[in-house]
Amino acid sequence: MNIILATHNRGKIEEFKRILLDYPVNLSSVFDYGITLEPEETGVTFSENAQIKLDYYLKIIKKNKLHDNSNKNLLIAEDSGIEIEALNGEPGILSARYGGEGLNSMDRNDLVLKNMQGVASKNRKARFVCCIKVVDIEIDFKYEFIGYSEGMIMDNIYGSKGFGYDPIFKPLGYNVSMASLQPEVKDKISHRGLATRKLIKELLDAR
Ligand code: ITT
């Protein structure tokens, strides 16, 4: 089975590769097909944005006949982000763009910390959300899987693994940031790990 990852986020690709390592799948991404264009994420939910990405890349792949017809081909798009209770759910679907386009991940972490200044520990609840949309390219059959990872926003930046908001997020049940955990530990508890394992279970059950 071939799985094409419809994302330009290298952090996501690295994680999907690790999570799917033990499964009999050939993994590629839109980078491998030279697709550099990205859709505008105009949805108002994670699910809508994942669907926009899925439809956009599906059209390109079908139009250019980029998939291998001799095999089962799945296209996977995902929309994810972090919802912070004290910020009324922000950055949410705007996680990749929080504070404006000119910022990098560390600037965004600094901005969150600044906006959370003075917020007591008990009010620093947050969660990562991952919505995965999958389509079987030949039969156009679509699935959706959601995963959450609950935790707290820390008081500073800690750790250098992972990507995005990992350095300021302390997962429930741990005393360190997501960016301080070994990658395999993150995969076990992460929103992406949970959603991807639901997808794998569905695929295996359907066989
Ligand atoms: P694609 O649309 O190409 O997939 P993107 O980075 O724009 O890439 P999203 O719109 O889904 O993807 O934005 C997700 C953002 O949420 C991401 O850029 C991070 O800032 C944050 N995020 C998602 N998952 C994360 C994780 O596991 N750890 C840390 N931050 C994460």
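Taken together, the values in this text are just the output of simple stated rules run on the coordinates, not laboratory data. If you're wondering where the values come from, they're calculated on a predicted model, not measured in any experiment. Neighbour counts run over all protein chains shown; Cβ positions are idealised from the backbone, glycine included.
Quick notes
- Its Cα centre serving as origin, the range 64-130 has a Cβ charge dipole (Lys and Arg +1, Asp and Glu -1) of approximately 200 debye.
- Segments 68-75, 180-187 sorted - mean Cβ within 10 Å per residue, highest first: 180-187, 68-75
- Cβ-derived FRET efficiency at R0 45 Å, Ile60 paired with Asn175, nearest 0.05: 0.50
- Unit charges at the beta carbon, dipole of the range 69-186: most positive-side option, Ser180, Tyr165, Asn69: Ser180
- Gyration tensor verdict on the range 6-91 (Cα atoms; rounded if a/c is under 1.5, prolate if a/b is larger than b/c, oblate otherwise): oblate
- Cβ crowding within 10 Å averaged over residues, with 188-200, 147-159 ranked highest first: 188-200, 147-159
- In straight-distance terms, cross-link reach from Lys201 covers every one of the lysines whose alpha-carbon lies under 25 Å from its own, apart from those fewer than eight places away in the same chain; here that gives Lys12, Lys17, Lys53, Lys72, Lys133, Lys142, Lys186, Lys188.
- Here the dipole of the chain is about 360 debye; that uses its Cα centre as origin and unit charges on the Cβ of Lys and Arg (positive) and Asp and Glu (negative).
- Highest mean packing first, where packing is the average number of other Cβ atoms within 10 Å per residue, the peptides 97-108, 42-53 line up as 42-53, 97-108.
- When the range 54-201 is reduced to its Cα atoms, the Kirkwood hydrodynamic radius in Å: 16.7
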